[in-house]
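Engineer: A single structure is presented below for examination.
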């Protein structure tokens, strides 16, 4: 049996060895342990080399980095990364090494919670920029709450996120229960829609905003001809056929552009002429690429103003593009702003703590204390729940097949 | 199965006398525990040193000590004491030091129990079930429904009863077993006439049906709250709190709950292990194996096909049901995203990776897959990322590579699943029978090989096997 | 693999145009037509009957006119989806017929075809060469590109991940296939994000494909739909010829029937299996291209859902049976589209399009209970 046993051990060793080897030249890192730090030293920023003695501060982005939603999750990560690279200096000057750690939650609540527990266990982690999905953020923030770890969401619009009144959980985006009704008011009051047909993507986000849209539309007296959810990503034929038969004035889509763009394109292909409206999930240059000329005439509501509304955003977009050679989307902008707020809060928390490393609780309250933060997505103040006090909502329209659309209407809405 | 140790005895340490083994295993436990506990103090902090990776490997080795212990021919009492020491004392101690260890250990326990349940269906009875997670979902939603205000939305006349108090949790744990088993029978009755891959696709369909239903049953009657998920879900009460305080432990609930859930999971996992072992050796277990090996022959020998298969289905499903209840309480929040086909496949991968039909193998499979996904791959990508940010230059002797030149497209965190895929393929190629195969299956595989590789020819013929 | 008859093997020696030969080649076409029309008629009658019984909804809408008005469009859409499923299902069924295992990675082979097609079209469109191309040639080019790459990847996957496991228990290659599936998804994503810096790919608009034939308000058929159906039928005929009437097909069938005996008869088993993967992969690739062309947006994860559906279709038709896979695909396409289109009309939104998979799987379960070997399945033989 000796041979067999050896094989078992060998297989185990092989497996572990592979793990270490699979992602690159790991073996090299171990032997020249003495050599590599030397090699690393000169490449470090000269400013950081001197006072960097007081320890490490880790700031984290958590978003899906694998799977189909990673296109969105990566925007958050890249935005946050850029923010850290640009604005970590003040904290490093206070004597800390700032480390940015991107984490992958795979858009799954289980993995999200596991990552949250991992972050909580690492005492250096003081700030979380995440998550993308409300369905992941809700259970994960329960974990953060137990550790008072500050989480600011760049994407979660679900009311539940802040309605729990956790002191450490905030967001800089709007709420579904504001955005959905805003879309409905626009559709019915401005576009004079009498009948609406609502489609959503069966996610916490899409269905949430669609339901708020429906409630408001019914209140305003419009007739809801249909309310359908679908997880389908490609083949919308069977959804569109009843829409065509119903011929509504407005089709509202609660969801994200990867579905919305395809739905829009296939709708137009099938000669459905209804006006198309969606929430900020459609706010991406990708929708133009996906839908092509079909995008013309479509509306979307968003909290992130276009660069024309925020001059800073244009510079940021340029920098983002030059750095990562891809266009920034709204989640990239939010991810960036969230991380900047985090860095500002950490800096003030360190100062308030007499230069010592702040506790997580101190960082959490410093986040809430951030006043009139001028971000590229607007000026941000938090209310007691962690919502931005006044959010500006824009309604934009694609006049031509070009992103972003032009602003049709601007609303200032206080968080409920 | 007279003597399960006679054939597969990995980690047995040759012909060493029992006392040497005892000393060896104690040393092993001490060293791995010590490493997992104190690596973060020992190792210098530098981006080049993959601290968390080493930590998670040490932790994996520590988790493995329970496995190794199992195989040691040392006195039962010593085994028991060491086992209790490892599971009930050292692990929570590690958990207090680093909460993530405990989370991983808890997940390992949950998945081990799930994998053991699936092992009954796939490994013992040979029925390929691709929708196993459906039963897990049934259990989870059972408690989520009654353990939150959700039930009050439906049963409006007795709304004030809900959410049920945390103490009901234990009743629902038992109910989870029953309801899971019932769901297994309900699915099994119509479909168990099917064979092989027809059964696989029907179970896959069933898994999807359950997921789509929980995703959509927020109308016409709001049973599951759809994609929004249900929260908050009640947790079991800390009835021992006064006792702890009397003993002088002044811990907050948020510190106790992880340990509490860990202990609950371990308890249930042990019960599951106990049952599967008994089942494995029982007449019904033999009937399952007979069906797996040859349905026609088994039927001819008088094994009632449908009933036997149904028991396998029900037994497997009931474990999943109970684990689901626990999962809901642990997570506080559940939504349909946790019950996708990928979850079923993950559990199946644990069963097959560890060794179908082999109880220790399946547990090891759960340990490997869970730590790989939750710890090792993440630690690996964190490390590569840290090196990149610190601007480390890798020195391979012949080539030097500055990590910061790594393009963002190759962000290590993005390729964890890819590495997992590679590991799966390699494992299957180099060890198709699993890491710790069941003795019977190993014989079968080696005998089936038309051209035995060196690995097999090196093995002396097995005499007096475990059959 | 179960094909309808073994006769064509004799026919080959008597020349390509013998009547028996022709019958073998085109019999599946007839069967296909009968099943397509039959499914369409049965399902249409069912919905129309239901609409007549429950004629007025609570909000006063006349269901019958509503159902009738979209019916032609629903039938056309069902056919398009059905043929796409049929083509993917063939890959599953061929591999299953020969090796008796579920090639989980086939959905990724399909996806690779779709991505390759997109990249070829995008490159052409970026080079402004799209307008100058003969539309027919363009179609052939992208399909051929998709087929070539997908077929090749399928063969490589077989060589690397399945061949070493040929004698392992049934579930082992399944897990290996799952591993390959993970790997290929992220590999494609990696390559795409390095090359294009994005991994959602959209098929550019080809003006000549975007035209449509309109039949009044009720029916509106795009050229793309016609391309999908015609290309699928041509492929199916070609496959039928390949498997039923050539030496290659003969060797594949022989290996499917009994590997050991085939090997004793001098057939190179490895080669036959590799050929099976090549053919199945190429068909999957072609299906990917057609899918992308019709539904426009793809990403490295698009393969998963159609893959599962196509596998269901293969089982529905009787796995291992080539004609069965085609019919299964078509029936599934019809069921799904009808379900998604009409469920919410009949239940007034209580059960909407999201239940289409439940409907499809429910019918699958019912079919399997009454016909445990699928619609056309013959006894595949006992497996351990």
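Since every read-out is calculated from the coordinates, none of them should be taken as a lab result. This one's a predicted model, so the numbers in the text were calculated from it and none came from an experiment. Here Cβ is always computed from backbone atoms with ideal geometry, including for glycine, and neighbour counts include all displayed protein chains.
Engineer: On C-alpha positions alone, give me the angle between the axis of helix A:257-269 and the longest principal axis of chain A, in degrees, nearest 10.
Structural biologist: 30 degrees
Engineer: Enumerate the residues in the range B:107-122 having an amide nitrogen under 19 Å from the point lying 7 Å beyond the Cα of residue B:282 toward its Cβ.
Structural biologist: Backbone N within reach: B:113-122.
Engineer: Largest first and in whole Å, what are the equivalent-ellipsoid semi-axes of the range B:100-360 based on the Cα gyration tensor, each being the root of 5 times an eigenvalue?
Structural biologist: Numbers: eigenvalues 216, 103, 45 Å².
Three semi-axes, in Å: 33, 23, 15.
Engineer: What's the average, rounded to a whole number, of partner chain beta-carbon atoms within 10 Å of each residue's beta-carbon in B:385-394?
Structural biologist: Partner Cβ neighbours, averaged per residue: 6.
Engineer: Helix A:176-185: angle to the longest alpha-carbon principal axis of chain A, degrees 0 to 90, nearest 10?
Structural biologist: Rounded to the nearest ten degrees, it is 30.
Engineer: Apply the a/c threshold of 1.5 to the C-alpha gyration tensor of the protein assembly as shown and tell me whether it is rounded, prolate or oblate.
Structural biologist: Rounded, because the longest to shortest axis ratio a/c is under 1.5.
Engineer: Right, next: Remind me, relative contact order of chain B in percent, using alpha carbon pairs under 8 angstrom and six or more residues apart? Mind showing how you got there, number by number?
Structural biologist: On the way: 693 pairs, mean separation 119.0, N = 467.
About 25 percent, as a whole number.
Engineer: Between residue C:233 and residue C:53, what is the spin-label point distance in nm, taking each point 7 Å from the Cα along the Cα→C-beta axis?
Structural biologist: 3.5 nm
Engineer: Using the alpha-carbon atoms, what tilt in degrees (0 to 90, nearest 10) does helix A:311-324 show relative to the longest principal axis of chain A?
Structural biologist: The answer is roughly 60 degrees.
Engineer: With each pseudo-label sitting 7 Å past Cα toward Cβ, what's the residue A:164-residue B:245 distance in nm, one decimal?
Structural biologist: Going by the 7 Å Cα→Cβ label model, 2.6 nm.
Engineer: Can you grab the distance from the C-alpha centre of the range C:20-96 to the C-alpha centre of the range A:303-361, Å, no decimals?
Structural biologist: Each part reduced to its Cα centre gives a spacing of 53 Å.
Engineer: What average count of beta carbons from other chains do you get within 10 Å of the Cβ of residues in B:211-218?
Structural biologist: Taking the mean over all residues of the peptide, I get 4.
Engineer: How would you classify the range B:86-171 from its alpha-carbon gyration tensor, with a ≥ b ≥ c the square roots of the eigenvalues: rounded for a/c under 1.5, else prolate if a/b is greater than b/c, otherwise oblate?
Structural biologist: Oblate is the answer for the range B:86-171, as a/c is 1.5 or above yet b/c matches or exceeds a/b.
Engineer: Mind ranking A:93-102, C:23-32 by how tightly packed they are, going by the mean number of other C-beta atoms within 10 angstrom, highest first?
Structural biologist: Highest mean packing first, the order is A:93-102, C:23-32.
Engineer: Return the FRET efficiency for the residue pair residue C:19, residue C:69: r is the Cβ-Cβ distance, R0 is 51 Å, and the value is rounded to the nearest 0.05.
Structural biologist: My answer for the efficiency is 0.70.
Engineer: Suppose R0 equals 51 Å; then what is the FRET efficiency for residue A:323 and residue C:211 from their Cβ-Cβ distance, rounded to the nearest 0.05?
Structural biologist: Using R0 = 51 Å, I get an efficiency of 0.75.
Engineer: Which of the peptides A:186-198, B:60-72, C:86-98 is most tightly packed, and how do the rest follow, going by the mean number of other Cβ atoms within 10 Å of each residue?
Structural biologist: So the order, starting with the most tightly packed, is C:86-98, B:60-72, A:186-198.
Engineer: Simple spin-label model, 7 Å along Cα-to-Cβ: residue C:167 to residue C:41 in nm?
Structural biologist: Here the answer is 5.3 nm between the modelled labels.
Engineer: Shifting gears a bit: Give the peptides C:282-290, B:274-282, A:61-69, C:339-347 in descending order of average Cβ contacts within 10 Å, highest first. Could the numbers behind the result be given before it?
Structural biologist: Values: C:282-290: 31.1, B:274-282: 15.9, A:61-69: 26.1, C:339-347: 22.6.
So the order, starting with the most tightly packed, is C:282-290, A:61-69, C:339-347, B:274-282.
Engineer: Report, in deg cm²/dmol and to the nearest 500, the calculated mean residue ellipticity at 222 nm for the protein assembly as shown, where each DSSP H run with n ≥ 4 adds -39500 (n - 2.57) and the sum is divided by the residue count. Spell out each step's value before the answer.
Structural biologist: Working: 50 runs with 759 residues, N = 1267.
One gets -19500 deg cm²/dmol as the mean residue ellipticity at 222 nm.
Engineer: Hey, got the average number of other protein chain Cβ atoms within 10 angstrom for residues in C:123-132?
Structural biologist: 0
Engineer: Can you classify the range B:214-356 as rounded, prolate or oblate using the Cα gyration tensor, where a ≥ b ≥ c are the square roots of its eigenvalues, rounded means a/c under 1.5, and otherwise it's prolate if a/b beats b/c and oblate if not?
Structural biologist: oblate
Engineer: Next up: What is the Å³ per residue value for the convex hull set by the Cα atoms of chain C?
Structural biologist: Spelled out: Cα convex hull of chain C, divided by residues, is 158 Å³.
Engineer: Further question on the same structure: Between residue A:219 and residue C:123, take the C-beta separation as r, use R0 = 56 Å, and let me know the FRET efficiency to the nearest 0.05.
Structural biologist: My answer for the efficiency is 0.65.
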